[in-house]
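Structure first, then comments.
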Amino acid sequence: MSDKLSKLLLVDSDRIFRMGMRSWLAQFPDFEVMAEAEMAEDVLRILQEVTDIDLVILDFNLGVKNRESVEFSRQADLELCQQLKSQYPRLPIFLLSSLQDSELLQMALRVDVDGYCLKGTDPEELVTAIRQVALGNRYWIDQPWGDRDRLGSNLTNLSVVAIVQRNLYLAGLRQIDRVLTEVKESVTNPNHDQIGDRLAKMVLAGQARELAAARWLINRLWGQKTTPVISKEIPSPDVELIRSDRVTNKSQNISNQKLNNTNNNALAIQASLWDKTVKKLQANLVNSSKIPLEIDILNNEKKRKLLYAVLRQIEQSLTELRFSGIEPSQLSQKIPDILKSIWQESTINFFGKYYVVNNISNANSEVNNEVNVVDILINDLEIVQTEFLDKIPHVENFLSHLLFETELIVDNSSASIGAPEAMQRTELILDNLIIQIANGVIQPLLNNFADVEEIKQNFYRYNLLATREIERFRNDLSWKYRLEKYITEPQLIFESRQVLMGFTDRGITRINIYMPRNQELQQLEGVQLAVTLALELQDAIAPRLKSAIAFLGSGFVYVLTNVIGRGIGLIGRGVVQGIGNAWQDSRNKKNY
């Protein structure tokens, strides 16, 4: 591995593939993805803005919408390569594509494209190729064009799920072949003592049978779904040894097949879920929930960038968990560490590991004291863990559903993976997880750098640049915390409800779901318990009080209308009649 840090630009029309590549590259300390582009016209603009790019990883067919535009798009991509080489002659270009057209690849060679690999190439070979090209060397697949066309004919329009499946398939075969080679070398080892020689050979023969059976099973399950690979074949054990062990391995094969189908199904569901989430993140992100959120202070571009960063880290965590072989019983105790890791990596990726600002405590000092923003923010881990990460609901259910295909409980009913109810609930949990972790990233920023001018100019919305507006925004958040702690949360617990934040066409909104919370209700104390008692008292008294008031009200109305009203009416009529009679008598006297 090179000590030089290579800064990369990813250019691919497939958003999900870019996310997968970025997550995969993040595990290598000598790579850093500085920017991404979806369309060819964005590449030159990004290179003007980000001047320290060391390598462009490019796919052809950028922006292709239909088959008729494929040839035009490929010609435009070649022109893009020519333009890049013309303006940036020292900038290497690495073609990572499902492209198999030998003529077009030869044209790419003629315009000085520095490297080429197929999508789905073995990860070890791919990382070697990227490093070689980033260092200024050339790297093209060392296969004749005809063989490459034949081997890669099934790679056209390769999806992320297919790439992951193929890489798992290749990695499994390599590991089995490596161990099988070691076993065969041990069998032929002349250093075995004569006494233990027979026993050692029996044990090793059994291992060879198991490895051969596993290799046969993987080939049967995945070999037909993935691209065949020409490699140096390792001789298989004797056929008779395999046949003698078929009955013993039958149950194990069935179990392995079920596990394989589970992984494939979960990966497909995850890919679909991520695709939907990416589309939502490209749409309206205005907070229409009437609940102030920490991310509301960010301008639209920064808000979207932060949410993308969190989504990438969640995907990275799922990938790491899947390949770590974690057991379902181990997941619960790992949740705090998983969330902490997602928060930390999201913070680093969003702000940049080496982003510094002037120390505001020494703003009047003649010495220019700079502080690393990320270092300060990471120190607030304990606060963020308590106020945000520990309060995010359904994280374990979400991870277990995607990793082990456990059922989700939706409105007191079980929903299996892939069911519409499970997909809808998983989507909502993911939305809320992204939003709450993003809030946790911004909260330390507001505590430590809220009024730093550089931070305001780079991250804040235009109408929140004034110090007064920032303080008003922070006060709104403080009141939200108090109301949630003492009023809103006890009420939700008492009413068996839970509020999740989700992405909709109207922007970020609050969504209420039913959730039994009896255990939380029993743990309430102090002001929170008083709130629930007040609610219960209201429920107990309010209907009867309303009935009593209604009864008294109707009686009061009856007295006013039928008793007092009529009495007043009779008296009024008597007075009027008396006045009339008196007036009539006075007229009669005048006539006489």
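The values are calculated or read from the model by the stated rules, or taken from the named source; none is laboratory data. Computed from a prediction, not measured in an experiment: that's the story for all the values here. For neighbour counting, all protein chains shown are included, and Cβ atoms are generated from backbone atoms with ideal geometry for every residue, glycine included. These area figures cover heavy atoms from the full protein model, side chains too; ligands, DNA and RNA do not enter into them. Shrake-Rupley method; radii C 1.70, N 1.55, O 1.52, S 1.80 Å.
Please report, as a whole percent, how much of the solvent-accessible surface of segment 277-398 comes from carbon and sulfur atoms (probe radius 1.4 Å).
Here it works out to 46 percent.
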Exercise. Scattering from the C-alpha atoms of segment 306-363 alone, worked out with Debye: what is log10 I(q)/I(0) at q = 0.16, 0.19, 0.26, 0.27 1/Å?
Worked result: -0.60, -0.74, -1.05, -1.08
Seminar exercise, completed: With label points set 7 Å from each Cα along the Cα-to-Cβ direction at Arg304 and Asn137, the distance between them in nm comes to 3.9 nm
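Got a sec? What order do Lys334, Lys302 fall in by accessible area at 1.4 Å, biggest, i.e. largest, first?
Lys334, Lys302
In nm, what is the difference between 0.36 nm times the number of residues separating Asp505 and Arg90 and their Cα-Cα distance? The partial results should precede the final answer.
Details: separation 415, 0.36 × 415 = 149.40 nm, distance 4.45 nm.
Working it through step by step, the gained length comes to 144.9 nm.
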For this session: Go through Lys391/Lys480; Lys279/Lys303; Lys85/Lys303; Lys279/Lys334 and tell me which ones have a Cα-Cα distance over 24 Å in this structure.
Result: Lys85/Lys303; Lys279/Lys334
Problem set entry | Pair Glu454, Lys340: separation of 7 Å Cα→Cβ label points (nm) | 2.9 nm
Exercise. Quick one: if the Förster radius is 41 Å, what FRET efficiency do Gln282 and Ser332 give, using the C-beta to C-beta distance and rounding to 0.05?
Worked result: 0.75
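Just flag the trypsin sites (Lys or Arg not before Pro) in segment 441-492 sitting in loop per DSSP whose Cβ has no more than 16 other Cβ atoms within 10 Å.
Sites meeting the loop and neighbour criteria: Arg461.
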Exercise. Taking the Cα-to-Cβ direction at Leu465 and at Trp479 and moving 7 Å from each Cα, how far apart do the two end points lie in nm?
Worked result: 2.6 nm
Exercise. What accessible area, in Å² to the nearest ten, does a 1.4 Å probe give for Thr488?
Worked result: 50 Å²
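Which value results when the Cα radius of gyration for segment 293-400 is divided by 2.2 N^0.38 Å? The partial results should precede the final answer.
Working: Rg = 16.8 Å, N = 108, 2.2 N^0.38 = 13.0 Å.
Relative to the rule-of-thumb radius for its length, segment 293-400 sits at 1.29.
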